[in-house]
Amino acid sequence: MKVSWENGILKKIKVLFLIVLGVATQALRAQEMSYELDPAKTKIEFSVPATMHTVHGTFQLKSGSIQFDAATGKADGLVVVDVKSGQTGNDGRDRKMHREVLQSERYPQATFRPTRLNQGADLKQNPTVQVSGILNIHGSDHEVTLAVPVQQTGDELTTTIRFVIPYTEWGLKNPSTFILHVSNQAQMEITTSGRLVHGKKNDATPH
């Protein structure tokens, strides 16, 4: 009789443990999210001041997926930019840019791999998120932190990110000539829209 009573207690404890574990797992999953960028709704623009004028140009987004845990701030994923798509509207200048500055035949992609966002980020309460990660350009990694202002409508997130790339410090050539002086920095502006997916993405992040 005593054995049956003990077995009953153990079964109840086991059931209670499974319930608690299930609730905890659901709570953790609720904090895990994935942001899937839409290349068709993404515009990557750059501008570089030069003598008498400013050069404006664009790049195309190839793909983008960011996974993050809002509770811990841990992030992962990969954003890929097609460097070979870069253009400024001047064929001669673009050929020189790709050949001498970007060397896009050798470095056809630039990537951003997020590693962290500010812990406890709440997109509804605090629409600007600080995202840290590794920006790879011209074959070299650079640690950056980007201020990402977010507008959320349902599961769709829209953002415009502005930052500066000190491209000569990062190993790229300045195309200045004796007559034409070009700035050592490129001003970047990225406008993008994508879908927020709750729960961890099952797909492996592409490398």
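All of the numbers you see were taken from the coordinates with simple rules; none came from a lab. This structure is a prediction, so every number in the text was calculated from the model and none was measured.
Around the amide H of Gln87, modelled in the peptide plane, lie the amide H atoms of Thr58, all under 5 Å away and 5 or more residues distant in sequence or on another chain.
The fraction of Cα-Cα pairs per 10 angstrom bin, counted from 0 for region 70-151, comes to 17, 36, 25, 17, 5 percent, rounded to whole percents. Its residue count N sets the reference 2.2 N^0.38 Å, and the alpha-carbon radius of gyration of region 124-186 equals 1.54 times that reference. When every Cα-Cα distance of region 37-101 is counted in 10 angstrom steps from zero, the calculated P(r) takes the values 18, 38, 26, 14, 5 percent.
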